Every structure is written in structure tokens, then in C-alpha cells.
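Just so it is clear, none of the values below were taken in a lab; they were calculated from the coordinates. These figures come from a predicted structure and were not determined experimentally. Here the Cβ is made from the backbone with ideal geometry for all residues, glycine too, and neighbour counts use every protein chain on show.
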Amino acid sequence: MEKPNFWDNPPLAREKVNQLKVLRAIIVPYRQLEKINAEQSELLVLAMDSKEDKILEDISVEITEFEKKLEHLEYQSYLNGPHDQKNAFLSIHAGTGGTDACDWTAMLLRMYLKWLNKNGYESRLIDSLEGDTAGLRYVTLEVSGSYAFGFLKSEIGVHRLVRISPFDTNKKRHTSFAAVDVLPELEDADIKINENDLRIDTFCAGGPGGQYVNKTASAIRITHIPTGIVVQCQNERSQHQNRQTAMKLLAARLYALQQKEKEDAFKKIYGEKGEIAWGYQIRSYVLQPYTLVKDHRTEIEVGNINAVLDGEIDVFIEAFLRSKPR
């Protein structure tokens, strides 16, 4: 980076800067822990010689904090995929279950927003469609922050909810489904898109957003003709901003389509027909007749479902990451 011609090739330069950020995020904390470990070892020897209980107690507290930081660094070492450090697009689609499925989609959105807020991530609404009666048919967020994709990729799959439906006058128990998909936000160099392969439509945005957004043709829908992939963005005020975001989302989906590993994972999660229904769920959330959240991939179970729906999902994310080979 200190070379005079470093910025002659901006895309390559940005790639190197991003690589540096990733390396620093691991190396700097590691070196800090090395320093702390050396200092604590010296203090421990002195404390043992002096036999002062107060010093030993202080060191014990510091060691506990050191172990927490070391465990976090070890946890971070599981985020070693080629795009784990990148921003992400998080999408939730209602599946089988009618109005309950749309409501479940909105509940999952709330859960993820709380987790994102707790962990210092920024999120931006890209696109959404409300259900006929309640909830959302689908929603897409852009998530910004270090290792957003690395952490959120553990949520890809079908999520199943069992509860007494608030929309059933007979108060019967219903099962509903929603599918979560997560894609990395890619750099321009990661994938090339031929403009001639695109059909771009503009339309007036719907839903919340203010009079200007709803009354001007600022929303963008892009169709990639060779693959049939359709993306759209309607949350920004200007057509140009919506187009930029939609192109990022299209690039992410095209990249995912190109990866054989992604296709194999999709079949395992959704089945050959891509059903968002029974038999393909990765996690079940049961509110009645008992309360339990169970991840079917790692067998992790949590009884406090309210805490989970309030964004306490780290136990599932960590178990998933630790179950994968490094």
C-alpha cells in the first residue's frame, strides 16, 4: 500500500484494503492477547512469591477476562470462508401457512433486527411486500458490518413455527414456515454482468416511504434474461440509488447460482422442488403445547423462546459454525 502506484488500479487496491482489514481483525487482537498473557504470567510469578491474596484475586479476574477474549478469537477463526468478512443481503420469504406464514416472516424480521442491533450491525430495507391480512410476504435487508455474511449464513434455510394461531377464531394450533436466504455483497471484480442481458423496469414504490417515494417511478426491477433472476429495490428516494442496490443484489444472486456448493446446499435445505414446507426446516420454534426452539442441524435446544425471538440466537450461530470443518 505504500507504493506510489498502489491506487493505479482502484478495484484491485480496494480488494487489498479489504484483505488488510480482515487480517488486522485477527492479528491485532491475537498480538494483544499475547502481550496480556506475558504480563499476567509475570505478575502471577510475583504474586505467588509475595503470597498476597489481593493480587492473586485481581489476577484471577484478569485471567477470566483473558479467557473470554481468547474464546471469542477462537470463535472468529471459524469465519474463514472466501466471503465471510463481507456485508450481506438477508431475505425472508413466507412459505406454507397463509396469513400465519406472513406473520411469522415479520416475527423473524424482528428477531434478526434485534440481533443486528445488539451486535452493532447496520441494516437497510431494500424491498418488502406486505401480506394481505398481516405480516410480510417477503422482505430483503442489506446488512453492513464486519463478518455479516459469515455469521448470518448459519440462518439459511426453512424456519418452522408451531403455535395457536391468533388468526384462527377456533384457537387451533397451526404450523407455518418461512425461508431465510443470505447472500454476500460482492465487489465489482467478483462477478461481471453484461448490460445487454438485463431488462430494467421502473415503477412507483409501494408501502411506507413518504409521498415522494410512493408517487415517483423511483423503484427499480431488474430481470437477468439468461437466468430469469429478478431483483428489485424500492426503498431509496432516487432511481439511481435503487438501481445501484438492485445491481449489487443481482450480482450476489448470480454468484450464488454459479456455485455448485450453493446448489447442493439448496437441495439439501429446501428439497429438489425448493419447498418452504414440512421436512425441510433447519430450526423449529414451538410455542404450544410447550416452548422450545430446536436446531435440527446441531441438535441445540433452547427453552426460552421469548429470548430467542428477541434476538438471542448466538448459541445457534456458534454451534453451526463450530460444526463445520475448518
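Per the Debye formula on identical point scatterers at the alpha carbon atoms of the chain, with no solvent, log10 I(q)/I(0) at q = 0.08, 0.14, 0.15 Å⁻¹ is -0.48, -1.20, -1.32.
Between the exposed loop cleavage positions of the chain, defined as chymotrypsin sites (Phe, Trp or Tyr not before Pro) in a non-H, G, I, E, B DSSP state with at most 16 neighbouring beta-carbon atoms within 10 angstrom, the longest gap is 1-166. Taking the square roots of five times each eigenvalue of the Cα gyration tensor of segment 74-151, the equivalent ellipsoid has semi-axes of 27, 12, 11 Å, listed largest first. Remark: for residue pairs Lys69/Lys192; Lys68/Lys248; Lys69/Lys153; Lys118/Lys171, the C-alpha separation exceeds 29 Å in Lys69/Lys192; Lys68/Lys248; Lys118/Lys171. Remark: Arg221, Arg24 ranked as Arg24, Arg221, counting other beta-carbon atoms within 10 Å and listing the fewest first. Among Ser146, Ser238, sorting on how many other beta-carbon atoms sit within 10 Å of each Cβ, with the fewest leading, yields Ser238, Ser146. Computed from the C-beta positions of Leu287 and Tyr75, the FRET efficiency with R₀ = 41 Å rounds to 0.85.
Kindly express, to the nearest 10 degrees and within the range 0 to 90, the angle between helix 53-76's C-alpha long axis and the longest C-alpha principal axis of the chain. Rounded to the nearest ten degrees, it is 30. With helices as the sole contributors, the chain gives -14500 deg cm²/dmol at 222 nm; each DSSP H run of n ≥ 4 counts as -39500 (n - 2.57), and the sum is divided by every residue. Exposure proxy ranking for Asp53, Asp310, based on other Cβ atoms within 10 angstrom of each Cβ and starting from the fewest, stands as Asp53, Asp310.
Here the calculated FRET efficiency for Lys294 and Asp168, from their Cβ-Cβ distance with R0 = 35 Å, stands at 0.90, rounded to the nearest 0.05. Backbone amide hydrogens, once placed in the peptide plane, bring Ala219 within less than 5 Å of Phe203, Ala205, excluding anything fewer than 5 places away on its chain. Placing R0 at 25 angstrom, the Cβ-Cβ distance between Trp7 and Ile225 gives a FRET efficiency of 0.10 after rounding to 0.05.
Between their Cα atoms, which of Lys86/Lys114; Lys35/Lys324; Lys86/Lys324 are more than 23 Å away from each other? Going by Cα-Cα distance, Lys35/Lys324 fall outside the 23 Å limit.
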